[in-house]
Amino acid sequence: MRIKVLGCSGGVGPGLRTTSLLVDDEILIDAGTGVGDLTLKQQARIRQIFLTHSHLDHVCGLAFMADNLFDLIDRPVEVWSTAETLSAIKEHIFNWKIWPDFSKLPDEKNPLVVFSTLQPGRSLESGDHYKVTAFKVQHTVPAVGYSVETGHGTFVFSGDTYANDNLWNYLNSLSRLDKLMIEVAFPNEENDLAETSRHFTPALLGRELHKLRHKPEILLTHHKPGCEHLIEDECRQSLAGWSYRHLKRGDLIEI
Ligand SMILES: [Zn+2]
Ligand SMILES: [Zn+2]
């Protein structure tokens with residue numbers, strides 16, 4: 001499994017894209033502004049998209065990608081997420097006011113996009129190689145993370161989350177965990193904002209990681225633009241003893 005980080009920042013700016021991961025050229029996990037770096041041909045190869053939650057930094061690329069797909073694909077793109085997330089993006093984005101409903105275009109029988117529900121705790125066998133499982137995390141809106149299991153190993157993406165035992169209980173239930181991509185959005189001095197917006201700080205993540213029985217490589221994401229260096233400094237202390245790195249747009253994760 002080869003995962004390309006199209007975007008993993010907490011915002012946009014020169015060289016910064018928001019969350020989107022390309023798995024083996026066929027699957028997207030989240031569809032933030034990173035989708036904009038894919039060529040049309042690459043966008044047409046995407047068969048499935050798994051969304052962690054409805055926030056704009058994780059879904060806005062889907063709107064623009066869907067608009068590109070007329071005449072490029074001969075089967076719809078499957079968009080998987082929880083019922084709450086799908087309901088939110090249908091009501092607030094693909095509502096014919098903010099953007100067209102691409103699940104009804106070019107016509108209802110041959111749509112460009114098909115929305116499908118994957119509730120927390122449920123798995124999907126994807127292609128011949130992957131088992132994708134959604135698990136509940138805690139954020140300001142209903143949100144999940146995803147594990148992707150193959151014969152070679154297990155990759156987990158937390159999505160946006162705050163401290164919650166469900167996350168660690170799920171991770172500890174896995175038979176193996178090779179790479180854990182997890183967010184750390186704010187520096188410690190913004191602890192109150194992190195709590196309100198349900199994101200991790202380095203200190204909180206460091207404390208919570210004691211609950212994890214596995215020793216995966218930790219891949220850190222979603223840093224607030226402008227705070228990257230401070231977060232890196234704080235992680236040196238809070239994540240001492242862990243194998244970790246700060247992801248950047250364009251990085252590859254191989255399992
Ligand atoms: Zn969010
Ligand atoms: Zn986010």
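The values are calculated or read from the model by the stated rules, or taken from the named source; none is laboratory data. Since the model is a prediction, treat every value here as computed from it, not as a measurement. Positions of Cβ are generated from backbone atoms using ideal geometry, with glycine treated the same way; all protein chains shown enter the neighbour counts. Calculation scope for accessible area: heavy atoms of the full protein, side chains included, ligands and nucleic acids excluded. Shrake-Rupley method; radii C 1.70, N 1.55, O 1.52, S 1.80 Å.
Worth pointing out:
- Condition met for residue 252 (within 16 Å of ligand 1 (Cβ to nearest atom), open to solvent by 50 Å² or more (accessible area, probe 1.4 Å) and among the hydrophobic types (A, V, I, L, M, F, W, C)): no
- Tallying residues that are under 24 Å from residue 121 (Cβ atoms) and loosely packed, with under 14 Cβ neighbours inside 10 Å within the stretch 80-102 yields 1.
- Qualifying residues in the stretch 85-104 (those that are within 21 Å of the chain's Cα centre (by Cα), of a type in the set (A, V, I, L, M, F, W, C) and in a helix (DSSP H, G or I)) - the one nearest to residue 140 (Cα to Cα): 88
- Qualifying residue in the stretch 28-38 (condition: away from ligand 1 (no atom under 16 Å from the Cβ), of a type in the set (Val, Ile, Thr), part of a helix (DSSP H, G or I) and at negative phi): yes
- Being of a type in the set (A, V, I, L, M), within 20 Å of residue 183 (Cα to Cα) and either outside any loop (DSSP other than H, G, I, E, B) or at pLDDT 95 or above (or both) is a property that holds for residue 59.
Here's the yes/no breakdown for (1) more than 14 Å from ligand 1 (Cβ to nearest atom); (2) assigned to a loop (DSSP other than H, G, I, E, B); (3) closer than 22 Å to residue 243 by Cβ:
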| position | (1), (2), (3) |
| --- | --- |
| 159 | no, yes, yes |
| 176 | yes, yes, yes |
| 200 | no, yes, yes |
| 213 | yes, yes, yes |
| 220 | yes, no, yes |
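- Candidates 137, 114, 156 - the one that is touching a helix residue (DSSP H, G or I) at 6+ places or on another chain (Cβ under 7 Å), of a type in the set (Val, Ile, Thr) and surrounded by fewer than 21 Cβ atoms within 10 Å (Cβ to Cβ): 114
- Candidates in the stretch 142-153 are the residues that are touching a residue at least 60 places away in the same chain (Cβ under 8 Å) and surrounded by fewer than 24 Cβ atoms within 10 Å (Cβ to Cβ); of these, the one that is nearest to ligand 2 (Cβ to nearest atom) is 142.
- Filtered by the rule that a residue be within 16 Å of ligand 1 (Cβ to nearest atom), open to solvent by 40 Å² or more (accessible area, probe 1.4 Å) and touching a Pro at 6+ places or on another chain (Cβ under 9 Å), the stretch 178-198 gives no residues.
- Here is the figure for the stretch 67-87: residues that are modelled with pLDDT under 95 and small (Gly, Ala, Ser) total 0.
- Restricting attention to the stretch 21-48 and to residues that are hydrophobic (A, V, I, L, M, F, W, C) and away from ligand 2 (no atom under 16 Å from the Cβ), the residue that is most open to solvent (accessible area, probe 1.4 Å) turns out to be 40.
- Single residue of the stretch 49-70 satisfying the filter (under 13 Å from the mean Cα position of the chain (by Cα) and open to solvent by 20 Å² or more (accessible area, probe 1.4 Å)) that is farthest from ligand 1 (Cβ to nearest atom): 60
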